[in-house]
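Here's the structure we're looking at; comments come further down.
The values are calculated or read from the model by the stated rules, or taken from the named source; none is laboratory data. Note that the structure is a prediction, hence the values are computed from the model and not measured. Cβ sites come from the backbone with ideal geometry, for glycine too, and all protein chains shown count toward neighbours. Just so you know, the surface numbers come from the protein's heavy atoms only, side chains and all, with ligands and any DNA or RNA stripped out. Shrake-Rupley method; radii C 1.70, N 1.55, O 1.52, S 1.80 Å.
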Amino acid sequence: MKIGEIQQELITSLLSIHNEGEAGTICDWVLEYHTGRNRMQRMIDKETQLPSETITAILLCKDQLLQHRPVQYVLGEAWFMGLKFFVNEAVLIPRPETEELVALLLDSCKLNSDEGLMSFILDIGTGSGCIPIALKKQLPGADIVSVDVCNEALQTAIKNASANQVSVNFLHMNFLDENKWDSLPVFDTIISNPPYIPLSEKATLDKHVIAWEPGTALFVPDNDPLLFYKKIGIFGKTHLAAGGKIFVETHQDYAVAAQQMFEENSYATELKKDINGNDRMITAWVA
Ligand code: GLN
């Protein structure tokens, strides 16, 4: 089969479940991965015959994509802040909103020329390790501790740190269990993209999210949507250094409530919108 033919077949199949833009992007990723050629090179080589193993691999991808499996899981990789991460169903696919959270922390360090904020960082709920690994690349002098409740996620994060050649201290821990906090030191910065979607919203999410991404990384109980922020606020009372800051990603509908909760616990806060204009990030510090 020729490059042009398999491309046509893949696009046509994907159009049954995606719009044109999405189908084009997914097709690009799959074909670039399996043929080693970018879009322009594929156009030039459209009459080139592909080896049968490559065709088989692409058709296998097609079957999985048609079951709404996200292309990042199908290929086993995703990009975050210009870095490549291994991903699987034990970890969330890194999101652009989370890139904005990391950028907010980096901007805050630069703006205040605050060496202090950069030194000792805790990341809560590391998943693929995208947050600590991207931070360590930018702040090589920082010591970063990253915790997650899921062992398989930690294994993925460890693999990602090694592939991106940075050192992060990964710890297996259920952060919600306050009894575990004694084993953690005081930090200059705490960052987290915790689970924040109330379970009742499950029905409103895309099929490829509900069916494939890890529920523990996404959902919180309907009766306690601020669960993680409350715990982080309490944790900060004993584990945030003077002058330190907390950076968290939030659900757009619960951002104001989370902000109020931090303020009721005597933090000063700032709420920021993401690039789509949705309330998305809170910075909290002890005033
Ligand atoms: N910190 C990881 C990410 O941003 C995982 C987040 C999560 O599991 N809620 O992708």
Discussion item. Order TRP212, TRP79 by their accessible area, 1.4 angstrom probe, all chains in place, largest first.
Written reply: TRP79, TRP212
Worksheet item: Within the accessible area of the stretch 1-97, what % is carbon and sulfur when the probe is 1.4 Å and the other protein chains stay in place?
Response: 54 percent
Discussion item. Under the rule a/c < 1.5 gives rounded, and otherwise a/b versus b/c splits prolate from oblate, where does the stretch 115-273 land using the Cα gyration tensor?
Written reply: oblate
Worksheet item: Relative to a virtual label point 7 Å from the Cα of HIS172 in the Cα→beta-carbon direction, which members of the stretch 133-163 show backbone nitrogen distances below 14 Å?
Response: 147-158
Worksheet item: Between LEU15 and SER200, how many nm apart are label points set 7 Å from Cα along the C-beta direction?
Response: 4.1 nm
Fill in: Computed label-point distance, nm, for sites THR56 and LYS137 using a 7 Å Cα→Cβ extension
3.4 nm
Worksheet item: At a probe size of 1.4 Å, how large is the accessible area of THR56, to the nearest 10 Å²?
Response: 80 Å²
Worksheet item: From the residues VAL30, MET261, VAL102, which one has its Cα farthest along the dipole of the chain in the positive direction, the dipole being from +1 and -1 charges on Cβ of Lys/Arg and Asp/Glu about the Cα centre?
Response: VAL30
Discussion item. For the chain, what does the relative contact order come out to in percent, with C-alpha contacts under 8 Å and a separation of six or more?
Written reply: 14 percent
Practice prompt. Determine the sum of side-chain charges near PHE235: Lys and Arg each +1, Asp and Glu each -1, restricted to other residues whose C-beta is under 15 angstrom from that of PHE235.
Written response: 0
Worksheet item: Could you name the lysines in cross-link range of LYS207, using Cα to Cα under 23 Å and dropping any fewer than eight places away on the same chain?
Response: LYS62
Response to the item:
Taking Cα atoms, the helix 227-239 axis meets the longest principal axis of the chain at an angle in degrees (rounded to 10) of 50 degrees
Discussion item. Need the full-extension length gain, GLU263 to ALA163, defined as separation in residues times 0.36 nm minus the C-alpha distance. One decimal, nm.
Written reply: 32.0 nm
Worksheet item: Considering the dipole of the stretch 170-280 built from charges on the beta carbon (Lys and Arg +1, Asp and Glu -1) around the Cα centre, which of THR238, SER200, LEU176 is farthest to its positive end?
Response: THR238
Discussion item. Once neighbouring chains are kept in place and the probe is 1.4 Å, which whole percent of the accessible area of the stretch 143-209 is contributed by carbon and sulfur?
Written reply: 48 percent
Item to complete: Report the relative contact order of the stretch 164-284, percent, no decimals, based on alpha-carbon pairs under 8 angstrom and at least 6 residues apart.
Response: 26 percent
Item to complete: Keeping all protein chains in place, calculate the accessible area per residue for the stretch 215-287 (probe 1.4 angstrom), answer in Å².
Response: 46 Å²
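Which trypsin sites (Lys or Arg not before Pro) does the stretch 1-67 hold that lie in a coil by DSSP with at most 11 other beta carbons within 10 Å?
none
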Fill in: Degrees, to the nearest 10: 3-14 long Cα axis against longest axis of the chain
60 degrees
